[in-house]
Amino acid sequence: MDNNSLEQITFGGGCFWCVESCFNMLKGVKCAISGYSGGHKENPTYEEVCTDETGHAEVVQITYDSAIISYEQLMDVFFFLHNPTQLNRQGNDIGTQYRSVIYYKNNAEKTKAEEAIEKSKQSGRWPGTYVTEVTKFDKFWPAEQYHQGYYNENPTQPYCSAVVGPKIQKFKKYFEELGMLNEE
């Protein structure tokens, strides 16, 4: 990867275990790291975020090579992986930490995020009112080490086998057809 074309994007689409593993499979993604953004407590823990009192969202911060994969392609994956019409939840995961949110660093990213939301709305994939927040990026706090690559390390854990695994299989089928997956 060309370090001159490396960029970062941070967003939340529900449980970070579901999102992080898929993004790490994409060509052009150097790494996807699970963590927390958007709250008021410095360096929060998973237990604190789960109380729904710190204001943080579970997010994934993606470092990617924009010469290989575009911001727009990453947004297509983001809107494929979660339902942007569910307020403060994804499926049975309920709380503000599961909100749909895109964090932007400058006005150009804000515009791209808003355009991605409009494109997703136009696709008709998710009928209903979109609740995805577009919020100025402040800080990213990496989640505890055991959250990184959680699905890959724990595929038989009940939540992983019931929720994460099926989502990954659906993702692989769709994005392999588009030629966006790493050959690993």
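We did not get these values from a lab; they are worked out from the coordinates using the rules stated. Keep in mind it's a predicted model, so treat the numbers as computed, not measured. So basically every Cβ, Gly included, is an ideal-geometry build from the backbone, and we count neighbours across all protein chains shown.
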Check Ser120, Ser161 and return the single one that is surrounded by fewer than 18 Cβ atoms within 10 Å (Cβ to Cβ), of a type in the set (Ser, Thr, Tyr) and either in contact with a Leu (Cβ under 9 Å, 6 or more places away or on another chain) or outside any loop (DSSP other than H, G, I, E, B) (or both).
Ser161
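Per-residue answers, yes or no, for (1) out of contact with any Asp or Glu (no Cβ under 9 Å at 6 or more places or on another chain); (2) of a type in the set (Ser, Thr, Tyr):
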{"site": "Glu115", "(1), (2)": "no, no"}
{"site": "Thr135", "(1), (2)": "yes, yes"}
{"site": "Lys173", "(1), (2)": "yes, no"}
{"site": "Gly179", "(1), (2)": "yes, no"}
Looking at Tyr150, Tyr103, can you tell me which residue is within 16 Å of Val19 (Cα to Cα), in contact with a helix residue (DSSP H, G or I) (Cβ under 8 Å, 6 or more places away or on another chain) and not basic (Lys, Arg)?
Tyr150
Counting only residues that are among the aliphatic types (A, V, I, L, M) and surrounded by fewer than 17 Cβ atoms within 10 Å (Cβ to Cβ), the range 57-104 contains a total of 4
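Results for (1) more than 29 Å from Asn182 (Cα to Cα); (2) of a type in the set (S, T, N, Q); (3) without any contact (Cβ under 8 Å) to a residue 24 or more places away in the chain, shown as yes or no for each residue.
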site: Asp65; (1), (2), (3): no, no, no
site: Ser70; (1), (2), (3): no, yes, yes
site: Leu87; (1), (2), (3): yes, no, no
site: Tyr98; (1), (2), (3): no, no, no
site: Asn107; (1), (2), (3): yes, yes, yes
Consider only pairs whose beta carbons are under 9 Å apart and that are at least six residues apart or on different chains; among these, list those whose first residue lies in the range 36-61 and is farther than 10 Å from Ala143 by Cβ and in contact (Cβ under 8 Å) with a residue 24 or more places away in the chain and whose second residue is in a loop (DSSP other than H, G, I, E, B) and hydrophobic (A, V, I, L, M, F, W, C).
Ser37/Phe137; Gly38/Phe137
Just wondering, is there one or more residues in the range 81-94 that are touching a Cys at 6+ places or on another chain (Cβ under 9 Å) and among the aliphatic types (A, V, I, L, M)?
yes
For the range 29-42, the count of residues that are surrounded by fewer than 20 Cβ atoms within 10 Å (Cβ to Cβ) and either closer than 21 Å to Ala67 by Cβ or among the acidic types (Asp, Glu) (or both) equals 3
For the range 171-178, state whether one or more residues are within 17 Å of Phe23 (Cα to Cα), basic (Lys, Arg), in contact with a strand residue (DSSP E or B) (Cβ under 7 Å, 6 or more places away or on another chain) and not in a loop (DSSP other than H, G, I, E, B).
yes
Filter result (loosely packed, with under 14 Cβ neighbours inside 10 Å, within 16 Å of Cys15 (Cβ to Cβ) and touching a Phe, Trp or Tyr at 6+ places or on another chain (Cβ under 8 Å)) within the range 43-56:
none
